[in-house]
Amino acid sequence: MANFLYRHAQEERNHSIKFMEYILNRGGKPKVDAIPAPPADPESLTACFDGVFKHEVDNTTAIYRIVDLSMEEKDWATWNFMQWFVQEQIEEETLAQNLIDKLKIAGGDRATDESLFTLDKTLEEAPNDVPLAQNATGANP
């Protein structure tokens, strides 16, 4: 399960790189002032997966704000760029909801070790389209 979440975190970092590249390509200069500290460790798998889902909903809300602003400003290039993220968030929220559903099927926080092992194996076999950070280059972040 941890490996699955590490892979997902790498995908999220790749998304932030997409934003930075877009800003650079449009003549801007991306600036990251600070990244908030991660929340406290979850007390259960349910809390962990619920946190993943909440994070994705928060991302969707932020993306929709950018889409709305791009429409108000008639910045059609940004509006077009953001459509990839709108579609991606449908996939991200679905993934997070599926994690919650799989954990519920396994028995939730009262899942047996056998059920958790099966869930872990299922997540291990999930497609891994995310490149590893150590394989990143300047031309292929």
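Residue-wise test of (1) hydroxyl-bearing (Ser, Thr, Tyr); (2) free of Cβ contacts under 8 Å to residues at least 60 places away in the same chain.
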| site | (1), (2) |
| --- | --- |
| Val86 | no, yes |
| Ile90 | no, yes |
| Thr94 | yes, yes |
| Asp101 | no, yes |
| Gly108 | no, no |
| Ala111 | no, no |
| Glu124 | no, no |
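Of all residues in the range 43-54, one or more are outside any helix (DSSP H, G or I) and either at pLDDT below 90 or open to solvent by less than 50 Å² (accessible area, probe 1.4 Å) (or both).
The set of residues in the range 11-42 being open to solvent by less than 60 Å² (accessible area, probe 1.4 Å) and assigned to a loop (DSSP other than H, G, I, E, B) consists of Gly28, Pro30. Among residues of the range 25-52 that are hydroxyl-bearing (Ser, Thr, Tyr), those with a Cβ under 7 angstrom from a residue that is surrounded by 10 or more Cβ atoms within 10 Å (Cβ to Cβ), sequence gap 6+ or separate chain, pair up as Ser44/Asp109; Thr46/Leu103; Thr46/Gly108; Thr46/Asp109. For the criterion of being surrounded by 15 or more Cβ atoms within 10 Å (Cβ to Cβ), part of a helix (DSSP H, G or I) and at pLDDT 95 or above, Thr61 fails. Residues that are open to solvent by 90 Å² or more (accessible area, probe 1.4 Å), under 13 Å from Val86 (Cα atoms) and either outside any helix (DSSP H, G or I) or free of Cβ contacts under 8 Å to residues at least 12 places away in the same chain (or both) within the range 64-73 comprise just one, Arg65.
Take Gln10 and tell me if it is under 30 Å from Leu119 (Cβ atoms) and free of Cβ contacts under 8 Å to residues at least 12 places away in the same chain. Considered against the rule, which asks whether it is under 30 Å from Leu119 (Cβ atoms) and free of Cβ contacts under 8 Å to residues at least 12 places away in the same chain, Gln10 comes out as no. Which residue is nearest to Asn25 (Cα to Cα), if the candidates are limited to the range 75-106 and must be β-branched (Val, Ile, Thr) and open to solvent by 60 Å² or more (accessible area, probe 1.4 Å)? So, considering only residues that are β-branched (Val, Ile, Thr) and open to solvent by 60 Å² or more (accessible area, probe 1.4 Å), the one nearest to Asn25 (Cα to Cα) is Ile90.
The values are calculated or read from the model by the stated rules, or taken from the named source; none is laboratory data. What you are looking at is a predicted structure, and each value in this text was computed from that prediction instead of being measured. Every residue, glycine among them, receives a Cβ derived from its backbone with ideal geometry; neighbour counts consider all protein chains shown. These area figures cover heavy atoms from the full protein model, side chains too; ligands, DNA and RNA do not enter into them. Shrake-Rupley method; radii C 1.70, N 1.55, O 1.52, S 1.80 Å.
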